[in-house]
1. Of (1) within 9 Å of chain B (Cβ to nearest Cβ); (2) touching a His at 6+ places or on another chain (Cβ under 7 Å), residue A:132 satisfies all except one. Which?
2. Looking at the structure I just gave you, is residue A:159 touching a helix residue (DSSP H, G or I) at 6+ places or on another chain (Cβ under 8 Å), buried (at least 19 other Cβ atoms within 10 Å of the Cβ) and either of a type in the set (A, V, I, L, M) or assigned by TED's automatic domain parsing to the domain that holds residue A:29 (or both)?
3. From A:146, A:195, A:180, which residue is touching a Lys or Arg at 6+ places or on another chain (Cβ under 6 Å) and away from chain B (no Cβ under 14 Å)?
4. When both residues are 6+ apart or on different chains and their Cβ atoms are under 9 Å apart, which pairs have a first residue that lies in the range B:41-59 and is within 12 Å of residue B:69 (Cβ to Cβ) and within 7 Å of chain A (Cβ to nearest Cβ), and a second that is among the β-branched types (Val, Ile, Thr) and open to solvent by less than 70 Å² (accessible area, probe 1.4 Å)?
5. Among the residues of the range B:39-72, how many are crowded, with 19+ Cβ neighbours inside 10 Å and either among the aliphatic types (A, V, I, L, M) or touching a Ser or Thr at 6+ places or on another chain (Cβ under 6 Å) (or both)?
6. Picking from B:77, B:49, B:43, which residue would you name as being of a type in the set (Lys, Arg) and at pLDDT below 95?
7. Checking the structure you have, find out if any residue of the range A:59-71 is open to solvent by 60 Å² or more (accessible area, probe 1.4 Å) and over 27 Å from residue B:67 (Cβ atoms).
8. Do we have any residue at all in the range B:64-76 that's under 21 Å from residue A:116 (Cα atoms), among the small types (Gly, Ala, Ser), under 13 Å from the mean Cα position of the chain (by Cα) and not in a loop (DSSP other than H, G, I, E, B)?
Amino acid sequence: MEISARQVQKFNTRKKIIDTAYRIFSEKGFSVPTSVIAKEAGVSHGSIFVHFPTLNNLLVCLLSDFGDKMGRSLHILAKKCDSLEDLLNEHLNVLEENEAFYTRLISEKNRLPDEAKSTFAFIQSTVAFHFSSVVEREIEKGTVKKLPVHMLFNTWLGLVHYYLLNREFFAGFNGPVIRKYRGELLSTYLNLIRKS
Amino acid sequence: MKTCIACGMPMESISDFAANDPSKDYCVHCARPDGEMQSFEEKKENLTKFIVKTQGFDERAAGKIAEDMMRKLPAWKNYFN
């Protein structure tokens, strides 16, 4: 099927809006008006509503893209590896790549529309799914302490989120937190949960 | 690459598919032991239990997440109309 020039233009405009919204939300938070996104993307304000009738649609689209990316990379790894360290490293890779966006997400989550909140919950459930499959194998092998899976998962997430939410103390206002603390976060967490 | 119509999981290798059958549209986690797809009620209950187990959420909150998740998946579209 031949793709018309109009369809290509439509696709490009949609992509421009998504890329710009991702950058602006990461920098300024999710309450930025759509008019600012339109201006930065170089498209008319009306054209945002052609592609995304509500701000919620735009947010859900961005979150779903992020969730798909996270899901894909963890899925591939979780299937072939028995090492929690490798899985957590990959989790940190995706977070590092999207650090500003993810930090906004966890700090403003409670103010997001319900559908966006649920999309965020799916993302964390996907991470929890892969985490549990690997950690259960490690518990079975006797390399990780026999603790409830949800506490193992929440302890990891709590640790990482604490650093991200306090990035101005840990890494200066715009400094990357994951890059600076990756080794310490990983080794400390693994030392806490591994059997000696 | 196919994704499971009942939970959204990517299905890449044969072992991801229900009954190791790549013609199926649902994954190994959404199948009953006989290879048939779980019902809406079974899937919701299993997802809720899984969320409680892996994230420790309150059961009602987990049930809501499970339902919201299923709302977006093709297998359960008719249950939300």
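The values are calculated or read from the model by the stated rules, or taken from the named source; none is laboratory data. Small disclaimer: the values here were computed from a predicted structure and weren't measured. Virtual Cβ from ideal backbone geometry, glycine too; neighbours counted across all protein chains shown. Side chains are part of the model used for accessible areas, which takes the heavy atoms of the whole protein and leaves out ligands, DNA and RNA. Shrake-Rupley method; radii C 1.70, N 1.55, O 1.52, S 1.80 Å.
1. The failed condition is (2).
2. no
3. A:195
4. Qualifying pairs under 9 Å: B:51/B:65.
5. 8
6. B:77
7. no
8. Yes, that holds for at least one residue.
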